[in-house]
Every structure is written in C-alpha cells, then in structure tokens.
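Engineer: This is the structure I want to talk about, given as structure tokens.
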Amino acid sequence: MDEKEKKQQNCDCGHEHDEPCDCGCEDMDEDVIMLEDEEGNEYPYYHVATLEHEGKEYACLQEADEDAEEPQIEYFELEEVEEDGDFYYNLLPVSDELYDILDKKLAQLVEEYDDECDDPECDCHHNDENK
C-alpha cells in the first residue's frame, strides 16, 4: 500500500472506510479545518492556538486563504456540546473587547515561543535580525 492509500484510509474526513476513498479528502491540507456557517458555506482555517481566559477556552484560527495578502485571525469561544454520546465544539463569536484581550495573549504566547526557540532554520521573527 502506498502513502496516498494509507493517508486516505486514515483521512479523518468524517466517514468510515477500509479502502481508499474518493471523497477528495486526500487533497485537503491536514492542517486545515473547515468551518461551516449557518447557510452551509465552508471556509478553510488553520488552528493557531487554544487560549484560556477567565476559565473559558478560545480557539485562535487564521484564514487559510492563499490569495489573502494578510490572512485574518479570528477568535471563537469553545462551547463543548454532547449529542447522542458524541462530543463536539460550537464556535461562538467574541466581543471586540475580548478579541483585543485574546490578541494580546496570542502575541505574548508567540513572544514566549520565539524566546525559547533555538532552531536557526525556523521562521520565527528572532531570526529576522540574522538575515
């Protein structure tokens, strides 16, 4: 079995299969998650981080639009829901004030990561000074 067939069998595309599928899931970047709005439109996002604030968890997602000059960052409150024994998250919008708070927390998280990063090949901003 080649790598593509292995990936298709374990694609996490939401359906079960024992053999390679033809759902197109092998074409999706494994780091991309699809969000669906109320009208059924799907939008690709990258999960950047999960942040905690005042006892609640928030998802930080970045638009996965390759054509966007500066992809947007979005924050959503994570609301865990159980339905028929299955658990999933609803993503709830946050206020502008909370957006600013979470944006500062993300910036601090990135700064802490950059301070700890010692990989000279990474794309962290601390390596911009060496270029």
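Engineer: Would you check which residues across the range 50-70 are within 13 Å of the chain's Cα centre (by Cα) and either in contact (Cβ under 8 Å) with a residue 24 or more places away in the chain or farther than 17 Å from Glu36 by Cβ (or both) and list them?
Structural biologist: Hits for the range 50-70 are Thr50, Leu51, Tyr58, Ala59, Cys60, Leu61, Gln62, Ala64.
Engineer: Determine whether Tyr58 is assigned to a strand (DSSP E or B), in contact with a Pro (Cβ under 9 Å, 6 or more places away or on another chain) and modelled with pLDDT of 80 or more.
Structural biologist: No: the conditions fail for Tyr58.
Engineer: With the checklist (1) at pLDDT below 90; (2) under 17 Å from Tyr46 (Cα atoms) in hand, flag the one item Ile73 doesn't pass.
Structural biologist: Answer for Ile73: the failing condition is (1).
Engineer: Can you find a residue in the range 60-70 that is surrounded by 11 or more Cβ atoms within 10 Å (Cβ to Cβ) and of a type in the set (S, T, N, Q)?
Structural biologist: Yes; the residues of the range 60-70 include at least one that is surrounded by 11 or more Cβ atoms within 10 Å (Cβ to Cβ) and of a type in the set (S, T, N, Q).
Engineer: Do we have Leu109 as at pLDDT 95 or above and in contact with a strand residue (DSSP E or B) (Cβ under 7 Å, 6 or more places away or on another chain) here? Give the derivation first.
Structural biologist: Numbers: at pLDDT 95 or above: no; in contact with a strand residue (DSSP E or B) (Cβ under 7 Å, 6 or more places away or on another chain): yes.
Here the answer is no, as Leu109 does not meet what is asked.
Engineer: If I go through the range 80-102 residue by residue, how many of them are modelled with pLDDT under 95 and of a type in the set (Asp, Glu)?
Structural biologist: Count: 5.
Engineer: How many of the residues making up the range 96-116 are under 21 Å from Tyr43 (Cβ atoms) and free of Cβ contacts under 8 Å to residues at least 24 places away in the same chain?
Structural biologist: Matching residues across the range 96-116 total 1.
The values are calculated or read from the model by the stated rules, or taken from the named source; none is laboratory data. Just so you know, these numbers come straight off a predicted model, no measurement behind them. For neighbour counting, all protein chains shown are included, and Cβ atoms are generated from backbone atoms with ideal geometry for every residue, glycine included.
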